[in-house]
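Data first, discussion second: the structure below is written as structure tokens.
The values are calculated or read from the model by the stated rules, or taken from the named source; none is laboratory data. Predicted model, so just to flag it, every value in this text is computed and none were measured. FYI the Cβ positions are ideal-geometry reconstructions off the backbone, even for glycines, and counts take in every protein chain you see. Ligands, DNA and RNA are excluded from the accessible area calculation, which covers all protein heavy atoms including side chains. Shrake-Rupley method; radii C 1.70, N 1.55, O 1.52, S 1.80 Å.
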Amino acid sequence: LVAKEKVQGVLEVVNKKQDAFNDNDVDILTVLAAQAAIAVENTRLYQQADLINELVHELRTPLASMLTIAYLLKRSDLSNEQRQQFADSIAEEVSRLNDLASSYLEYSRLEAGRLTFSASTVDLGDLLQECCRILQPKAAEASIKLELSLPNHPLLIEADENKIKQVVINLLNNAIKYNHTGGEVNISAWGNDQIVSFSVQDTGVGIPESDLPHVFEKFFRAHNIQESYPGTGLGLSICNRIVEIHGGTISVQSQLKAGSTFTVELPVCVKDCL
Ligand SMILES: Nc1ncnc2c1ncn2[C@@H]1O[C@H](COP(=O)(O)OP(=O)(O)OP(=O)(O)O)[C@@H](O)[C@H]1O
Ligand SMILES: [Mg+2]
């Protein structure tokens with residue numbers, strides 16, 4: 001299937017009768033393939049336009065707030081302290097835009113299949129330990145206890161180590177961010193010879209029941225969290241896509257004001273997926 005001089009896909013046609021395809025059949029199939037290729041290309045462009053619309057929509061909020069601050073900064077009666085606060089707000093908004101740009105790039109690359117995954121043998125236990133070490137200072141800063149419990153045997157899987165690490169770090173970041181001072185985050189892992197799983201359980205703010213089906217959608221942020229929790233709403237959709245590409249599943253259970261548990265299941269062998 002060729003459109004705009006690019007191969008869009010392959011059309012395979014099987015003749016269940018004994019006869020070979022004749023020239024007439026080939027002509028009809030060539031026309032059909034050309035039309036199918038255009039349809040595939042149009043769908044791709046439509047999806048891209050959709051993603052761009054959403055991104056522009058998300059850019060509006062930080063841009064509007066920076067514009068307001070810029071007007072306020074022009075006032076001559078501001079104290080040095082107020083000026084400093086406005087400058088800090090601009091820096092915060094710029095950092096939010098920066099996070100949005102990197103997460104969005106990552107998400108759209110994943111969606112377009114433009115990120116390459118390379119599988120190696122990974123011990124999930126070691127990987128979880130390393131992620132806990134990375135997030136320990138952040139948890140300590142919020143007085144949150146991180147606890148990891150692992151079986152006393154290795155949990156080996158074929159996976160892209162960095163991408164799975166990214167999933168774990170995203171889940172741990174959420175479990176710390178949407179938690180209370182003095183709260184807990186418990187990470188555990190288990191597995192058999194076909195599937196390994198891990199869960200990240202927190203004692204945080206929880207997710208309203210009506211929002212639960214949407215948390216893996218891009219840009220979605222639940223209604224119970226205020227602007228005081230910064231975020232782009234892309235972290236979980238990136239996790240979901242990475243786990244999906246590994247042939248696994250990610251799920252969530254949560255109770256409002258009590259906490260949430262995210263569970264990831266991964267097939268031990270992903271050779272057919274990556
Ligand atoms: N552990 C959690 N506890 C409570 N709510 C959560 C938790 N994890 C995710 N959520 C809810 O799901 C939403 C989507 O999470 P996601 O990680 O995709 O985005 P984010 O944290 O808002 O931003 P970022 O893209 O920076 O991670 C969050 O905004 C929050 O409402
Ligand atoms: Mg997040």
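Residues that are outside any strand (DSSP E or B), near ligand 1 (Cβ under 8 Å from one of its atoms) and aliphatic (A, V, I, L, M) within the stretch 214-262 comprise 215, 222, 225, 234, 236, 238, listed in sequence order. Restrict the check to the stretch 20-41 and report whether at least one residue is touching a helix residue (DSSP H, G or I) at 6+ places or on another chain (Cβ under 7 Å) and either assigned by TED's automatic domain parsing to the domain that holds residue 230 or among the aliphatic types (A, V, I, L, M) (or both). Checking the stretch 20-41: not a single residue is touching a helix residue (DSSP H, G or I) at 6+ places or on another chain (Cβ under 7 Å) and either assigned by TED's automatic domain parsing to the domain that holds residue 230 or among the aliphatic types (A, V, I, L, M) (or both). Could you tell me whether any residue of the stretch 140-147 is aliphatic (A, V, I, L, M), out of contact with any Ser or Thr (no Cβ under 9 Å at 6 or more places or on another chain), more than 15 Å from ligand 2 (Cβ to nearest atom) and open to solvent by 30 Å² or more (accessible area, probe 1.4 Å)? Yes: one or more hits.
Every residue in the stretch 1-51 that is open to solvent by 50 Å² or more (accessible area, probe 1.4 Å) and among the polar types (S, T, N, Q), please. Once the filter is applied, which keeps residues that are open to solvent by 50 Å² or more (accessible area, probe 1.4 Å) and among the polar types (S, T, N, Q), the stretch 1-51 yields 15, 18, 22, 24, 30, 35, 42, 43, 47, 48. The residues on offer are 164, 187, 157, and the sole one that is open to solvent by less than 70 Å² (accessible area, probe 1.4 Å), in a helix (DSSP H, G or I) and out of contact with any Pro (no Cβ under 6 Å at 6 or more places or on another chain) is 164. The residue list 56, 31, 7, 94 contains one member that is β-branched (Val, Ile, Thr), over 24 Å from residue 232 (Cβ atoms) and modelled with pLDDT of 85 or more, which is 31. Go through the residues of the stretch 106-116 one by one and say whether even a single one is under 21 Å from the mean Cα position of the chain (by Cα), assigned to a loop (DSSP other than H, G, I, E, B) and of a type in the set (S, T, N, Q). Yes, the stretch 106-116 has at least one match. When we screen 82, 136 for residues that are out of contact with any Leu (no Cβ under 7 Å at 6 or more places or on another chain), assigned to a helix (DSSP H, G or I) and open to solvent by 70 Å² or more (accessible area, probe 1.4 Å), the only hit is 82. Taking the stretch 167-182 as the range and being part of a helix (DSSP H, G or I) and not charged (D, E, K, R) as the test, the residues that pass are 167, 168, 169, 170, 171, 172, 173, 174, 175, 176.
For the stretch 221-238, residues that are open to solvent by 40 Å² or more (accessible area, probe 1.4 Å) and more than 10 Å from ligand 2 (Cβ to nearest atom) total 5.
Consider the stretch 175-199 and keep the residues that are within 19 Å of the chain's Cα centre (by Cα) and aromatic (Phe, Trp, Tyr). The one that is nearest to residue 267 (Cα to Cα) is 198. Quick check on this structure: which one of 171, 155 is farther than 19 Å from residue 274 by Cβ and touching a strand residue (DSSP E or B) at 6+ places or on another chain (Cβ under 6 Å)? Within the list 171, 155, the selection yields 171. Of the residues in the stretch 259-273, at least one is in the same structural domain as residue 141 (by TED's automatic domain parsing), within 14 Å of ligand 2 (Cβ to nearest atom) and under 30 Å from residue 112 (Cα atoms).
Conditions (1) free of Cβ contacts under 8 Å to residues at least 12 places away in the same chain; (2) assigned by TED's automatic domain parsing to the domain that holds residue 217, marked per residue:
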site: 67; (1), (2): yes, no
site: 72; (1), (2): no, no
site: 81; (1), (2): yes, no
site: 86; (1), (2): no, no
site: 140; (1), (2): yes, yes
site: 145; (1), (2): no, yes
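Inspection of the stretch 174-183 finds a residue satisfying the criterion of being open to solvent by 50 Å² or more (accessible area, probe 1.4 Å) and away from ligand 1 (no atom under 13 Å from the Cβ).
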